[in-house]
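The values are calculated or read from the model by the stated rules, or taken from the named source; none is laboratory data. The structure displayed is predicted, hence computed values, not measured ones. Note that each Cβ is placed from the backbone with ideal geometry, even for glycine, and that neighbours are counted across all protein chains shown.
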């Protein structure tokens with residue numbers, strides 16, 4: 001199951017690089033649970049694919065050209081994991097973060113709690 005978790009994490013991070021709600025929704029369709037819960041320092045807790053897609057699209061619209069990438073290998077055990085990421089801006093600025101995730105019984109991502117320094121985004 002850990003291999004499936006890793007594949008879902010990679011697909012999820014890659015989905016942050018899509019440039020429209022339609023493409024993002026297609027990218028997360030198989031890697032997140034229908035009632036996925038998400039929160040970061042900028043948003044309240046959201047629940048469901050549609051709110052998550054809107055958050056992801058907002059980032060791509062507010063930071064054109066942004067690229068999200070995994071840093072190193074995620075750590076996964078049981079149905080939990082975490083990974084470090086970087087957001088690379090067109091200006092060559094990089095912003096680090098870390099996400100903690102919980103996987104549902106079917107192996108898709110059920111919860112994401114994302115951490116990043118808010119000041120880095122300004």
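Does region 30-45 include one or more residues that are without any contact (Cβ under 8 Å) to a residue 24 or more places away in the chain and touching a strand residue (DSSP E or B) at 6+ places or on another chain (Cβ under 8 Å)? Taking every residue of region 30-45 in turn, at least one turns out to be without any contact (Cβ under 8 Å) to a residue 24 or more places away in the chain and touching a strand residue (DSSP E or B) at 6+ places or on another chain (Cβ under 8 Å). Looking only at residues of region 51-72 that are closer than 24 Å to residue 106 by Cβ and without any contact (Cβ under 8 Å) to a residue 24 or more places away in the chain, we find that the one that is surrounded by the most Cβ atoms within 10 Å (Cβ to Cβ) is 55.
Do we have any residue at all in region 18-27 that's surrounded by fewer than 13 Cβ atoms within 10 Å (Cβ to Cβ), touching a strand residue (DSSP E or B) at 6+ places or on another chain (Cβ under 7 Å), without any contact (Cβ under 8 Å) to a residue 12 or more places away in the chain and over 19 Å from residue 121 (Cα atoms)? No, region 18-27 contains no residue that is surrounded by fewer than 13 Cβ atoms within 10 Å (Cβ to Cβ), touching a strand residue (DSSP E or B) at 6+ places or on another chain (Cβ under 7 Å), without any contact (Cβ under 8 Å) to a residue 12 or more places away in the chain and over 19 Å from residue 121 (Cα atoms).
The helices (runs of 4 or more DSSP H) found entirely in region 1-95 that carry 1 or more residues being in contact with a helix residue (DSSP H, G or I) (Cβ under 8 Å, 6 or more places away or on another chain) and under 18 Å from residue 118 (Cα atoms) are 49-62. A search for C-beta distances below 6 Å between a residue of region 1-16 that is buried (at least 17 other Cβ atoms within 10 Å of the Cβ) and any residue that is assigned to a helix (DSSP H, G or I) and modelled with pLDDT of 95 or more, counting only pairs 6+ apart in sequence or on different chains, returns 15/24; 15/27; 15/28; 16/56.
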